[in-house]
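The values are calculated or read from the model by the stated rules, or taken from the named source; none is laboratory data. Not measured: the values here are computed from a predicted model. Neighbour counts are summed over all protein chains in view; Cβ atoms, including those assigned to glycine, are modelled from backbone coordinates with ideal geometry. What goes into the accessible areas is simple: the full protein's heavy atoms, side chains included, and nothing from ligands, DNA or RNA. Shrake-Rupley method; radii C 1.70, N 1.55, O 1.52, S 1.80 Å.
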Amino acid sequence: MDNITIMNGNPKSASGGRLMGMALDYMAYPLVGSIDQTLIESTLQQLWGLGKNRFSHQYAFEARLDDTTIGMITCYPVSVMDKLVWPTVRELIKMRKWKLVKHSLLHLQDLWSMVSLNEGRADEYHIGALATLPEGRGYGIGSKLIHFAEEKARLSNYGKCSLTVKQENLRAIKLYERLGYQITDTIEKKPYYLYRMVKPLPRILT
């Protein structure tokens, strides 16, 4: 559709936290220290508006239908993603304070599994989060956003683009395979069971 545009993430976008929560799903619980969806969304909305964290608008791109945001993708070199881990943790502790610390102490296994997932490799450009609002489905938004991230990777001279997907998410896996991604690794760190998928990218001729 010609009226779909992809643009830099807007720190004031009201959909940022909601889309990020959809992308993370249950993986948001140890990050926020709660299963309260309203609290998860509001916390991620705050992170979205800030800079220098993994869930910031700084590393996001929004798909807009006319003037409405209907999808979002975050992408970055793996080296950048890895450097954002502890700044993200610091911001979360500032926001959630003792409640997050208490939750983390009670769920140490979940927290350790989260921070040690090893989602990407140093020579890859990584898609960290991808989500489309229900009202935006059927327009091919996910595919458009992924192609956009791949072009960013190529322009940054990366020959591979990677992502992770829950093993039970067969619909997403089929989409990624259709777009040229292949399963290269299995991540099994209870309660997270993921596939790493990678796509080789053609180099830009110089």
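Among the protein heavy atoms, those of residue 101 account for about 60 Å² of accessible surface (1.4 Å probe, every chain in place). Of the whole protein surface, residue 36 contributes about 80 Å² of accessible area at a 1.4 Å probe radius.
Given H placed 1.01 Å from N in the peptide plane, which residues other than close sequence neighbours of residue 189 have an amide H under 5 Å from its amide H? Residues meeting the amide H criterion: 194. Note that segment 61-74 has calculated 3J(HN,Hα) couplings of 9, 9, 9, 10, 9, 6, 10, 10, 6, 10, x, 7, 9, 10 Hz, one per residue in order, obtained from phi through the Karplus relation 6.51 cos²θ - 1.76 cosθ + 1.60 (θ = phi - 60°); glycine and proline are x. Note on the chain: GNM, Cα springs under 10 Å; of 57, 126, 103, the largest mean-square fluctuation is that of 103.
Looking at segment 157-203, the GluC sites (Glu not before Pro) that sit in a DSSP loop and have at most 16 other Cβ atoms within 10 Å of their own Cβ are 168.
Is the C-alpha gyration tensor of segment 40-100 telling us rounded, prolate or oblate? Criteria: a/c under 1.5 is rounded; beyond that, a/b larger than b/c is prolate, otherwise oblate. Here segment 40-100 falls in the oblate category.
Estimated translational diffusion coefficient (Stokes-Einstein, Kirkwood radius over Cα pairs, 37 °C, 0.692 mPa s) of the chain: 189 µm² per second. Computed over neighbours whose Cβ is under 9 Å from that of residue 47, the net charge equals 0, Lys and Arg +1, Asp and Glu -1.
What does the helix-only formula give at 222 nm for the chain: each DSSP H stretch with n ≥ 4 adding -39500 (n - 2.57), the total divided by the residues, and the result rounded to the nearest 500 deg cm²/dmol? Computed ellipticity for the chain at 222 nm equals -12500 deg cm²/dmol. Computed from backbone phi with θ = phi - 60° and the Karplus coefficients 6.51, -1.76 and 1.60, the 3J(HN,Hα) list for segment 38-44 is 5, 5, 4, 5, 5, 5, 5 Hz; x is used for glycine and proline. Scalar couplings 3J(HN,Hα) for segment 16-27, obtained by applying the Karplus form with A = 6.51, B = -1.76, C = 1.60 to θ = phi - 60°, are x, x, 5, 5, 5, x, 5, 5, 6, 6, 5, 6 Hz; x denotes Gly and Pro. Residues of the chain were split at every exposed loop site, defined as trypsin sites (Lys or Arg not before Pro) in a DSSP loop with at most 16 other C-beta atoms within 10 angstrom, and the longest piece left, sites excluded, is 53-120.
Listed by chain and number, the lysines whose alpha-carbon sits under 17 Å from that of residue 189, ignoring those within fewer than 8 places in the same chain, are 166. For the chain, the solvent-accessible area of protein heavy atoms averages 53 Å² per residue (probe radius 1.4 Å; ligands and nucleic acids excluded). Taking 7 Å steps out from each Cα toward its Cβ at residue 5 and residue 82 produces label points 3.7 nm apart. Helix 85-106 and the longest principal axis of the C-alpha atoms of the chain enclose an angle of approximately 40°. Farthest towards the positive end of the charge dipole of the chain, among the residues 105, 170, 34, is the Cα of 105, using unit charges on the Cβ of Lys, Arg, Asp and Glu.
Put simply, the amide H of residue 70, placed in the peptide plane, has neighbours under 5 Å in 63, 64, 65, leaving out anything fewer than 5 places away on its chain. Amide H contacts under 5 Å for residue 9: 60, 61, 62, restricted to partners 5 or more places along the chain or on a different chain, H placed in the peptide plane at 1.01 Å from N.
Treating only the Cβ of Lys, Arg, Asp and Glu as charged (+1, +1, -1, -1), what charge dipole size does segment 1-149 show about its Cα centre? Round to the nearest 20 debye.
On the way: 15 positive and 14 negative charges, 127 e Å.
With only Lys, Arg, Asp and Glu charged at Cβ, the dipole is about 620 debye.
Annotation: for a label point projected 7 angstrom from Cα along Cα→Cβ of residue 156, residues of segment 59-86 with backbone N closer than 19 Å are 59-63, 72-86. Positive contributions from Lys and Arg (+1) and negative ones from Asp and Glu (-1), summed over other residues with Cβ under 14 Å from the Cβ of residue 97, come out at +4.
Taking 136, 120, 128 as the candidate residues, the one with maximal mean-square fluctuation in a Gaussian network model of the chain, Cα springs under 10 Å, is 136.
Segment 118-155 and segment 1-52 have Cα centres separated by 15 Å. If you add up the charges near residue 122, with Lys and Arg at +1 and Asp and Glu at -1, over every other residue whose beta carbon is less than 15 angstrom from its beta carbon, what do you get? Summing Lys and Arg as +1 and Asp and Glu as -1 gives -1.
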